[in-house]
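Novice: Have a look at this one.
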Amino acid sequence: MNMKKIGAAASTGLLVFSLAACSGGDSSSDSGKTQIKFINGFTGGDGAFMTKIVDGFNSSQDEFEVVQSQEKDHYTKFKSGNYDLVVIHETSLETYQKDQLIQDAGPYMETAGLAEDDFNAAGIQSGTVEDKLFGVPLDIHPLTMFYNEELVSEAPTDYEQLKALGETLQSENENLYAFGLPSTGLTTFYFTAAAAQNGIDLAKDGYLDFTQSDYADALMQYHDMVFKDNTSPEKLGLDGEFQAFMKSADEGAKQTAVTMTGPWYYQAVKEKYADNLGIGAMPTLFETAATTGNAHTISVAASVEDEEVKDGISEFLKYLYTPENLANWAESGQTPSHLATLDLITEDPEKYELAAKNQKQLDTYVAAPRVYQFDEQMRYMNEVVFTKLTSEPNLTKDALMSELEKATKAAKQIADTQ
């Protein structure tokens, strides 16, 4: 083992010891119930629905109590705090497993009466690291298409339809566009969509290799969508794909008829468009149909050793994965990967409108590459490259390739820190 890895191991060991020390305290509340400390990042419209589930569990219990924290920086707080359960995205699960911050979730699932067969393939993939489930699959949240039925009557299914829509809208009002590409924000999903729809694997020896010529060609198509085809406005900024969908061309703003964005905006777009809101699958912007995104999983902290806390975690999982309870999560717009809950959604597609539509996308869902510190490896792409694609009219493939080489170098350096 080289000195760098010795240092990393020592650091990890200190962190695990620190967490273990934190969790060695009293886990009982004043009521005498065993507390399970649960942290997640559900601070948007979906947060209230997870709270409803937690409250329902607590009301059903005289032995256990889930104490929930919903924090924007929940990953940071989990690492330094005293928590038993944590929601982790599938793209971060391998990192948390390698850093020894979480433990095998299989025994907890077994005690709760859950098996791999209870989830669809995308869900099982989302929670698996090295053939073990380190995250209990909660949902898949793919890129989701919303459209304004006052501007387009049916969901566009491919780029040619979007391009034709853009030409029609532009002839009516120069501030109307087919869709919007963000400069920053949800750009990871757009980067992985370009790879998935062109059959490109970005992973190479544990790092993300962006310097593939056919990948550069695919990204230049995003550039053409802005500066050649005029299907998207330029320089939309942070979360521009969503913000432009919510604006009004009549007020002089750049407005789009369609957005490909995160399902967590469902409550906001439903409130604005009501009966004029259409929902469709991710259109084929490139060669083949595919959608990307991310997934939520629920993991148990490596520091959990208390047998009563372990029993409480399994009891919470048993409650959560009862379809009538997990359906609350579907009502928020998220798409659970639990099969019995999907069956319930299918029986009532009007109540669970977005989940019912999005579960059809799970068959074409392509997970992001599993590499150490995925989000950090994507950082240069998100902060620099997509902004250039949507803001620099004279960007060339050679200039883009230079940026992709910088991004790949940074990704490789991150990968080498494990």
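The values are calculated or read from the model by the stated rules, or taken from the named source; none is laboratory data. This structure is a prediction, so every number in the text was calculated from the model and none was measured. Note that each Cβ is placed from the backbone with ideal geometry, even for glycine, and that neighbours are counted across all protein chains shown. The accessibility values were calculated without ligands, DNA or RNA, using every heavy atom of the protein model including side chains. Shrake-Rupley method; radii C 1.70, N 1.55, O 1.52, S 1.80 Å.
Novice: Roughly how many debye, to the nearest 20, is the charge dipole of the chain about its Cα centre, given +1 on each Lys and Arg Cβ, -1 on each Asp and Glu Cβ, and no other charges? Mind showing how you got there, number by number?
Specialist: Working: 30 positive and 66 negative charges, 273 e Å.
Here the chain has a charge dipole of around 1300 debye.
Novice: Under 13 Å from a point 7 Å along the Cα-to-Cβ line of SER391: which residues of the range 233-257 have their amide N that close?
Specialist: Only 234-240 pass the distance filter.
Novice: Report the local net charge at ALA244: Lys and Arg +1, Asp and Glu -1, summed over other residues whose C-beta lies under 15 Å from its C-beta. Walk me through the numbers on the way to the answer.
Specialist: Values: positive: LYS235, LYS247, LYS254, LYS272; negative: GLU174, GLU234, ASP239, GLU241, ASP250, GLU251.
Cβ neighbours under 15 Å give a net charge of -2.
Novice: Separate question: For the chain, modelled as a GNM with alpha-carbon contacts under 10 angstrom, which of GLU65, GLU94, GLU392 fluctuates the most?
Specialist: Highest fluctuation among the options: GLU392.
Novice: Within the chain, which whole H helices from DSSP have a Cα span along their axis of at least 18 Å and a mean Kyte-Doolittle hydropathy of -0.5 or more, if any? Write down the numbers at each step before the final one.
Specialist: Working: long enough: 3-22 (28 Å, 1.27); 47-60 (20 Å, 0.29); 159-172 (20 Å, -0.81); 213-227 (21 Å, -0.16); 307-320 (20 Å, -0.37); 397-415 (26 Å, -0.43).
Answer set is 3-22, 47-60, 213-227, 307-320, 397-415.
Novice: Accessible area per residue of the chain at 1.4 Å probe, in Å²? Mind dumping the intermediate values first?
Specialist: Numbers: 17630 Å² over 418 residues.
Dividing the accessible area of the chain by its residue count gives 42 Å².
Novice: I would also like to ask the following. With springs connecting C-alpha atoms under 10 Å apart, model the chain as a Gaussian network and identify which of TYR147, TYR177, TYR159 has the largest mean-square fluctuation.
Specialist: Maximum among the listed residues: TYR159.
Novice: GLU405 versus SER248, label points 7 Å from Cα toward the beta carbon: distance in nm?
Specialist: 5.0 nm
Novice: Computed FRET efficiency, Cβ-Cβ of VAL384 and LYS360, R0 25 Å: what is it to the nearest 0.05? Kindly include the intermediate steps, with their values, before the conclusion.
Specialist: On the way: r = 35 Å, r/R0 = 1.39.
That pair, VAL384 with LYS360, gives E of 0.10.
Novice: What is the extension gain from GLU307 to GLN61, computed as 0.36 nm multiplied by their sequence separation minus the C-alpha to C-alpha distance, in nm to one decimal? Each step should come with its number before you reach the end.
Specialist: Working: separation 246, 0.36 × 246 = 88.56 nm, distance 1.73 nm.
86.8 nm is the gain from fully extending GLU307 to GLN61.
Novice: Another question about this same structure. Considering every Cα-Cα pair within the range 200-349, what fraction, in whole percent, is farther apart than 20 Å? Write down the numbers at each step before the final one.
Specialist: Working: 7587 of 11175 pairs.
Tail fraction, whole percent: 68.
Novice: Suppose only helical runs count, i.e. DSSP H with n ≥ 4. What mean residue ellipticity at 222 nm does that imply for the chain under -39500 (n - 2.57) per run, divided by all residues and rounded to the nearest 500 deg cm²/dmol?
Specialist: Values: 18 runs with 184 residues, N = 418.
My calculation for the chain gives -13000 deg cm²/dmol from helical runs alone.
Novice: Could you give the dipole magnitude of the range 302-366 about its Cα centre, charging the beta-carbon of Lys and Arg +1 and that of Asp and Glu -1, in debye to the nearest 20? Intermediate values should be presented prior to the final figure.
Specialist: Numbers: 5 positive and 14 negative charges, 80 e Å.
So the magnitude is around 380 debye.
Novice: Antiparallel versus total DSSP beta bridges in the chain: what percent is that, nearest 5? Mind dumping the intermediate values first?
Specialist: Values: 29 of 43 bridges.
Given both bridge residues lie in the chain, the antiparallel proportion sits at roughly 65 percent.
Novice: Rounded to the nearest 0.05, what FRET efficiency is calculated for ASP416 and SER80 with R0 set to 30 Å and r the Cβ-Cβ distance? List each step's numbers first, then the result.
Specialist: Working: r = 25 Å, r/R0 = 0.83.
Efficiency computed from Cβ-Cβ geometry: 0.75.
Novice: Please give me the summed charge of the neighbours of GLY293: other residues whose Cβ is under 12 Å from its Cβ, Lys and Arg +1, Asp and Glu -1. Please report the intermediate quantities before stating the final value.
Specialist: On the way: positive: none; negative: GLU90, ASP139.
Net local charge, GLY293 excluded: -2.
Novice: Where the centre of each part is set by its Cα atoms, how far does the range 57-93 sit from the range 115-149, in angstrom?
Specialist: About 19 Å separates the Cα centre of the range 57-93 from the one of the range 115-149.
Novice: Now a separate question. Quick one: pull the percent of accessible area on the chain belonging to carbon and sulfur, 1.4 Å probe, ligands and nucleic acids left out.
Specialist: 45 percent
Novice: Now a separate question. Once the piece of chain linking GLU110 and GLU167 is laid out straight, how much longer is it, given 0.36 nm per residue of separation minus the C-alpha distance between them? Intermediate values should be presented prior to the final figure.
Specialist: Numbers: separation 57, 0.36 × 57 = 20.52 nm, distance 5.53 nm.
Gain on stretching GLU110 to GLU167: 15.0 nm.
Novice: To the nearest whole percent, what portion of all C-alpha pairs in the chain is separated by more than 31 angstrom? Mind showing how you got there, number by number?
Specialist: On the way: 36562 of 87153 pairs.
Summing the P(r) of the chain above 31 Å gives 42 percent of all pairs.
Novice: Which residue fluctuates the most in the chain, going by a Gaussian network model with Cα springs under 10 Å, if the choices are GLY252, GLY333, GLY240?
Specialist: The residue that fluctuates most here is GLY252.
Novice: Between rounded, prolate and oblate, where does the range 40-166 land on the alpha carbon gyration tensor, with a ≥ b ≥ c its root eigenvalues, rounded for a/c under 1.5, else prolate if a/b exceeds b/c? Let's see the in-between values first.
Specialist: On the way: a/c = 2.06, a/b = 1.70, b/c = 1.21.
Prolate.
Novice: Something else now. May I ask for the net charge around ALA203, where only other residues with Cβ less than 11 Å from the Cβ of ALA203 are counted and Lys, Arg are +1 while Asp, Glu are -1?
Specialist: Numbers: positive: LYS204, ARG370; negative: ASP201, ASP205, ASP209.
With Lys, Arg at +1 and Asp, Glu at -1, the net is -1.
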